[in-house]
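Following this message is one structure expressed as structure tokens.
The values are calculated or read from the model by the stated rules, or taken from the named source; none is laboratory data. Everything numeric here is computed off the predicted structure, so don't read it as measured data. Counting neighbours? That spans all protein chains shown, and the Cβs are built from the backbone with ideal geometry, glycine included. Remember, those area values only see protein heavy atoms, side chains included, never the ligands or the DNA or RNA. Shrake-Rupley method; radii C 1.70, N 1.55, O 1.52, S 1.80 Å.
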Protein chains: 2
Amino acid sequence: MYEDLKYWYLRDHKLFRTLSFAQIRQLCIITGFKKANKGEIIYFSSSDVPRIFLLKKGNIKIVAVDEEGNETIKDIIQKGDLFGELTLENDFESNEYAKVLSDDVVICSFLMSDFEDLLLKNPSLALSYTKFVGLKMKRIKNSYANLVSKDAKTRLYQFLKDWAEKEGKQEGNKITLENYLTQTDIAQIICTSRQTATQLLNEMESRGMLLYNRREIIITDVTQL
Amino acid sequence: MYEDLKYWYLRDHKLFRTLSFAQIRQLCIITGFKKANKGEIIYFSSSDVPRIFLLKKGNIKIVAVDEEGNETIKDIIQKGDLFGELTLENDFESNEYAKVLSDDVVICSFLMSDFEDLLLKNPSLALSYTKFVGLKMKRIKNSYANLVSKDAKTRLYQFLKDWAEKEGKQEGNKITLENYLTQTDIAQIICTSRQTATQLLNEMESRGMLLYNRREIIITDVTQL
DNA sequence: ATCGAACTGTAAACTAGCCGACAATAAGCA
DNA sequence: TGCTTATTGTCGGCTAGTTTACAGTTCGAT
């Protein structure tokens, strides 16, 4: 089951490897670069021309706002990830924005239409991209299944395990994570209330499974998750 | 299987509309054809060569079984839908099978590798396919958001509305649905217990919003959902 | 027609986790 | 440095929904 996880995280870097230097350059001419700092909010507004974004540096979260003004975290985007309208369909009514989590980020973007042209000219890239989107779907499906059948504690454990696997610095069974999320963020990701998340984290800390603070999370023994 | 039959099967699928007559004829990628009856279970086993399936007639549900033997409904597949490894990645250890819901179904299939070749030769098809998968992803995301923020009643209403929209025969505000699902199925789809689903359905019936029986569901006034 | 299996109906006990409220820290910043 | 704001900690009360348990109903099959 968890074998799947491993290759999800190989995500998009692979995507452009099939391209030649020249091709990438061609794509890059189209791109816009943008720098932003912690806390900043970036709208990839629907009024604009549809774009696809690539996060070069840092971490951001994608937040959706529903009719009642409730905010939900849709995704955490990391260095090297693509985001935006990956389905290549214009989504008019999505109320999403990105919020910068790390100290500074660098984002570049290209026009969806240009990307489509590129895919049409590079069948093998098109295929890789198709698989990439498929992978993304599988990931969503999985967290869905997780949410449906497991309780909050299990979801938190799973989330920490995934996170550790993705970004943790491992020394033996001890794993250190740079913590750019608040407990509220974590709660939203695992779909529970902030209070419950806090409670669970403290419970873990008092059991010696964890060391939590605003800068880092140290998981003393991954195998316990 | 006869060539012209294959041709027709592909031709009337949305996905292949971008292709010309001649192109479709060349493909001939359909390699399997299968009929099945109600209640039958179809394994699209991982031990076999990976395939993509196309449901030509009827309804089936995709069921996943986890380690503890719990069954969850992953998807309801309807006439014209593709299913199987749409991500174009082999998923070895997924414990999924399909169960036939309607009286009889017709399924045809093609090899994933053949389909990949086809995509490589037809970038525009690859693009459509990506959008197609993207659409599927968007639907999943939607039901996900629905599950997270809404209570069981709202989820049931939403489910009925979606179902009505997809398959209902409408007369004014009255909508008739052919009911090939049990209450247990419905409960699983909206992620609640069977009892809760039963209760909610009965409540709706007693309020005159609904007429439920094993063969059909009549929604007396859609606007109330 | 009868039997058994699958489906539907109902109710009581129980519980995970939400919500509101408020206190205690920590972090940013003037 | 002190002030303000964001984040974390904690506690009951509350409720939607689960679980267990059993009874009634429908349907297909022999």
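Under a point spin-label approximation (7 Å from Cα along Cα-to-Cβ), what is the A:Ser206-B:Ser124 distance to one decimal in nm?
Going by the 7 Å Cα→Cβ label model, 6.5 nm.
If exposed means no more than 13 neighbouring beta carbons inside 10 Å and the site is in a DSSP loop, what's the longest run of chain A without any exposed trypsin sites (Lys or Arg not before Pro)?
A:1-206
Enter the accessible area of B:Ser113 (Å², nearest 10), with the probe set to 1.4 Å and all protein chains included.
60 Å²
Using only Cα atoms, what is the ratio of the radius of gyration of the stretch B:86-214 to 2.2 N^0.38 Å?
1.33
When the C-alpha atoms of the protein assembly as shown are aligned to their principal axes, what extent does each axis show, in angstrom, from largest down?
Computed over the protein assembly as shown, the largest-to-smallest principal extents equal 59, 59, 45 Å.
For the Cα atoms of chain A, what angle does the longest principal axis make with the long axis of helix A:152-167, in degrees from 0 to 90, nearest 10?
Helix A:152-167 sits roughly 50 degrees off the main axis of chain A.
On to the next question. For labels at A:Thr184 and B:Asn213 in the simple 7 Å Cα→Cβ model, what's the distance in nm?
The answer from the label model is 5.4 nm.
What FRET efficiency comes out for A:Thr220 versus A:Ala145 if R0 is 35 angstrom and r is the Cβ-Cβ distance? Round to the nearest 0.05.
About 0.80, to the nearest 0.05.
Determine which lysines satisfy two conditions relative to A:Lys35: a Cα distance under 21 Å, and not lying fewer than 8 residues away in the same chain.
A:Lys56, A:Lys57, A:Lys61, A:Lys79, A:Lys99
Provide the gained length on full extension for the span B:Ile42 to B:Glu71, in nm with one decimal, where the gain is 0.36 nm per separating residue minus the Cα-Cα distance.
Full extension from B:Ile42 to B:Glu71 adds 8.9 nm.
At 1.4 Å probe size, put B:Thr130, A:Thr192, A:Thr72 in order of accessible surface, largest to smallest.
Ranked from most to least accessible, the order is A:Thr72, A:Thr192, B:Thr130.
With a 1.4 Å probe and all protein chains in place, put A:Asp185, A:Asp104, A:Asp114 in order of accessible area, largest first. Mind showing how you got there, number by number?
Numbers: A:Asp185 10, A:Asp104 65, A:Asp114 45 Å².
Largest accessible area first, the list is A:Asp104, A:Asp114, A:Asp185.
Mind checking the angle between helix A:123-149 and chain A's longest principal axis? C-alpha axes, 0 to 90 degrees, to the nearest 10.
Once rounded, the angle reads 30 degrees.
Which residues in the stretch A:86-118 have a backbone N closer than 12 Å to a point placed 7 Å from the Cα of B:Leu135 along the Cα-to-Cβ line?
Once the point is set 7 Å along Cα→Cβ of B:Leu135, A:89 turn out to lie under 12 Å by backbone N, inside the stretch A:86-118.
With every protein chain kept in the model, how would you rank A:Ile189, A:Ile107 by accessible area, 1.4 Å probe, largest at the top?
A:Ile189, A:Ile107
Go through B:Leu177, B:Val100, B:Phe53 and say which Cα lies farthest out towards the positive end of the charge dipole of the protein assembly as shown; charges sit on Cβ, +1 for Lys and Arg, -1 for Asp and Glu.
B:Phe53
To the nearest 10 degrees, how steeply does helix A:194-206 sit against the main Cα axis of chain A, on a 0 to 90 scale?
That helix lies at roughly 60 degrees to the long axis.
Taking 8 Å as the Cα distance limit and 6 or more residues as the minimum spacing, I'd like the relative contact order of the stretch A:151-224 as a percentage.
Relative CO of the stretch A:151-224 lands at 34 percent.
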